[in-house]
Every structure is written in structure tokens, then in C-alpha cells.
1. Would you check if there is a residue in region A:102-116 being of a type in the set (Asp, Glu) and either surrounded by fewer than 19 Cβ atoms within 10 Å (Cβ to Cβ) or part of a loop (DSSP other than H, G, I, E, B) (or both)?
2. Can you pull out the residues in region A:92-126 that are within 7 Å of chain B (Cβ to nearest Cβ) and hydroxyl-bearing (Ser, Thr, Tyr)?
3. From the list A:Pro21, A:Pro65, which residue is modelled with pLDDT of 95 or more, over 29 Å from B:Glu46 (Cβ atoms) and not in a strand (DSSP E or B)?
4. Might you check whether a residue that is more than 25 Å from B:Pro222 (Cβ to Cβ), modelled with pLDDT under 95, among the small types (Gly, Ala, Ser) and open to solvent by 60 Å² or more (accessible area, probe 1.4 Å) occurs anywhere in region A:31-47?
5. Report yes if A:Ala134 is crowded, with 20+ Cβ neighbours inside 10 Å, under 14 Å from the mean Cα position of the chain (by Cα) and within 7 Å of another protein chain (Cβ to nearest Cβ), otherwise no.
6. Starting from residues that are of a type in the set (Phe, Trp, Tyr) and more than 16 Å from B:Ala182 (Cβ to Cβ), keep the ones in region B:212-248 and report whichever is least open to solvent (accessible area, probe 1.4 Å).
7. Exactly one of (1) surrounded by 15 or more Cβ atoms within 10 Å (Cβ to Cβ); (2) modelled with pLDDT of 95 or more; (3) in a loop (DSSP other than H, G, I, E, B) is unmet by B:Glu173. Its number?
8. Within region B:283-325, which residues are in a helix (DSSP H, G or I), closer than 16 Å to B:Leu257 by Cα and charged (D, E, K, R)?
Amino acid sequence: MQPAGSVVPQVPAPIAAALRPLPLLLLRPPLAMLAVRIRDRHPELFERLGPHAAKRFGLDPTDLPFAFVLEPRPAAPSVTPVRQLPRDLDVRIAGPLGALLGMVDGAFDGDALFFSRSLQVEGDMEALLALRNAVDDACIDLRRIALSPLGPAADPLDRAFRRVRAAAGRVAAHRTESRSWN
Amino acid sequence: MELICPAGTPAALKAAVAAGADAVYCGFRDETNARNFPGLNFSRDELRAGIEHAHRGGVRVLVAVNTFPRAGAIEVWHRAVDDAVAAGADALILADLGLLAYAANRHPGQRLHVSVQAAAANPDAIGFYVEAFGVRRVVLPRVLSVPEIAAIVREIDCETEVFVFGGLCVMAEGRCSLSSYATGQSPNMQGVCSPAGHVRYEERDGRMLSRLGRFTINAFGPGEAAGYPTLCKGRFATDLGTGYLFEDPVSLDAASLLPALRDAGVTALKIEGRQRSRAYTERVVGGFRDALAALAAGREIDTAALADLTEGQATTAGAYRKTWR
């Protein structure tokens, strides 16, 4: 649940609705390519993950009509789109797409998202922390990795990604009055 | 005053250096330091590279070996001390008396700091560390008021470092056994308070339950800001009602007290948060660098800039400004 005053960027509802009929099969090849490219560029990520690389992580962007199952196996990493997350996952991470991307991008702090209730987590917390810390240390440039093979066709997507990043930057500069304990 | 900044990963170390840290503190990826969380901390090679990077930017690196060695495994802690010195650490942050003695004898030229985990909270205790081991700095526990800190500074022969932002421990640090009682693992010896393997979150009837071991320690209502799953920040049912007994979920923010801490003679300001992301490091270090610039220029210090990063989305001046509730 988003608390009042939360400023994590949200995918607009009409866009989410337009994405609903999208055949998930179409997402599989680019996501498979993305997983392999991240593996190739950031082998150090798996050292930090350690035994947790064998776990299954559910990533649930709450403002999209689908979710993802991440299996960060060093030999065969995969990101699989699903309509609904299966129940037998080790970890489930749910929050707006902007929050999930912002943690990868280094724009958001995961603990702060948790404190504000913008992020919900369930399951194996050791695996969750290992993934969060490994990804944070890897400084993954998702935009460059995902879009570079697309050439000129990448431009509109690039602009969309920049808008999300800019929104995250505004959040970073956002100043809220907090309660004072004493 | 120096700005001492947390780094849980090499990426956070680089972020702290870039954001204006005077020194960065970090630890090895094992039980020898008090932030032994999965996926966190430095290998030996990463520490060497991190120190080289920091030194190129004129930033010092302090290595925390600040847990208490287990009987029969002392060599793990000795190796951590030796490897930190070999990697070029500018200072070691230690809590255990035996480990301080080892470091002082084995590496007589090495700068030593007393960790907050030692809970050295009076001139006699601090004086002992100075006299016995030649320590150069003490990190003061978070239970002292500013006037108490000023009084201590007047009576001791070493530098003082105080926390100004982040997680707030109100216990006798290094001696708290609440988490040990619930999980069987000691924050003081295994290096982790509320180990992640014992923490569970569960959504039920619109509330988020947080559990540690077999204990449900809190239930957050819809939209209610949350805190870390530590027993000291749990809600307890008592004859007088249900609520927070030891500590609310809240972060320390002493930005407004920087003038008073300077006047008290404090040497260094410490930011808590090695378990946090590089985004946190970047913003908090940058925020306090701006605050120190404002202090030096006699300008007003912005005290609300980091509010959205705080635990429970709330801040406190903690014991620095003691009040009764």
C-alpha cells in the first residue's frame, strides 16, 4: 500500500491497462537477453549472492498487469514474465515499477522504500538482502544494457526510462516534514 | 569536524568518497564486524582496492573489527586485524579488550579507535583505553547528552566521534542480548542484530506483521510507516497498555545540534548505515557535507532534507537532547 505523501513514480493506469492484453511470450526473448547480458557484464554480482543465486525471486510491479520470476543462476540466469506469481517462490518483492527499477539504478534506498511501505517483502530475508546488496554494489546500468542492441529504435524507450529516472531524482530531492520523537 | 561515512559495499565506498566524506568506515565479509548481513561488506581484495581508491581522493578508511571474538576462534579476529593493517587501513575500530591488546602489541604504529560497541561512556573507561592501548579516538555510545559529551571531552586525552544520523541504539552497546534471546545468534559476537534468517514479514488483514524468531514483534497498520525488525523497537503488551517500551521506530538526526557538538569539542561526526544502499550513502553524506558548510559559514542548517530516508519516517535528537515523555 502506498502511504499518503509517497512520491514513488507510478505507471499511469491507462498505460497499465493498455499493457494487459500484451502476450507475455513477446517479453520472453528480450528479458532472456537482458538476464544474460547482466550476467556477462557483472560476474561479481554472483559472488555477493553466494548460495542465494539458487533461489527464486518474485518481482511484482504493483502498477503493471504482470510480474516476473527471477532466477539468478550464474550458468543460466532467467527473468520470466508471468500473469501471477507462483506460490512456491523463495522471496516476493512488490512495489511500483519505478521503485523496483530505482533500486537497481541507485536512485532509491530499499530500506527507505520499506519504511514508507512503498515496498512489500515476503519470504527468505537472507536471500532478499543478498540480492539487494549484490545489485546495489553492481551499479547495473539497465538502460544501457537493455537498449544498446536496439539502435535507433531504442530512442523512445530511452526517453521513457529517463523520465522515470528524473522522477526518481525529484524524489531524492523531495523534502518532507517528519514526525519528531522528542 | 570530520565526516565519517558508512560503506557496506565498494560501490557505497565510492559514493561516500564522491559525496565528500573525510573518512569511510567498513568491514570484512564475516562475523568480525557488527554489520554481518548477507551480500554486504568487503573481501580482502575489495578492501585493498577500496583503500587505494579512497586514498587517491584524500579520504581515509577506518576498518571495523568490532565484534567480540568467540572462544576457540580468536584467530579469525586476529587475521582480520592483520589483514586490515596490511591493506593500509588508516585506523582500526575495535571493541574487545583482548583484540585491542593484540592490535597494540602486534601493530604498534597502527591508529586505534574504540568502537561504540565497547560502550565507553565515562572518562575513567576512556582513560583506561588510552593508557593501556594508546587509542587515539573513542566512538561515544548514543546515550549521552551534549553537556555530558562536553564534560567527557574536557577530561580525556583522545579524540571523540559521535553519531549524527541513522539507526539509533539506546542499549548498552556491545552488551545487548535481546536479539540473542530471540534467535540464538549474538549481535556482539556473530555481528548481526536481528539476523535476516530469523526475520519474516507477513501481510494479514491489511496489516504487516514483522516476526523475529518465534516472536511477533510488531504489526503495522495500512500506510503506517515501518521500522527495522529489532526487539528494542517492538510493540509490547503490558498491564499499562500496548506500545513501544524501549524505543520507537525512528532515526537519529542531530543536524540541528551540530553547533552544540562543535562547541562541545567533538572531533568527528559519524553517519550510521553500512547496511543501507549507495543511494542512502550519497544523499546522507552530501546532506551533512552541506550542513557542515552551512555551519562554517554561519548559515542556517537544513534539518529536513533527509527525512524520507528515516526509519519510521521519523527523526529524533535522541539522548543528545534528553526530554521526558
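The values are calculated or read from the model by the stated rules, or taken from the named source; none is laboratory data. Here the structure is a predicted model, which means the values were calculated and not measured. When we count neighbours, we look across all protein chains shown, and the Cβ atoms used for this are built from the backbone with ideal geometry, even at glycine. For the accessible areas, the whole protein counts, side chains as well, though only heavy atoms, and no ligand, DNA or RNA atoms are used. Shrake-Rupley method; radii C 1.70, N 1.55, O 1.52, S 1.80 Å.
1. yes
2. A:Ser116
3. The match here is A:Pro65.
4. For region A:31-47, residues more than 25 Å from B:Pro222 (Cβ to Cβ), modelled with pLDDT under 95, among the small types (Gly, Ala, Ser) and open to solvent by 60 Å² or more (accessible area, probe 1.4 Å): absent.
5. So A:Ala134 fits the description; yes.
6. By that ranking, first place goes to B:Phe220.
7. Here B:Glu173 clears every test but (2).
8. Across region B:283-325, the qualifying residues are B:Arg289, B:Asp290, B:Arg321.
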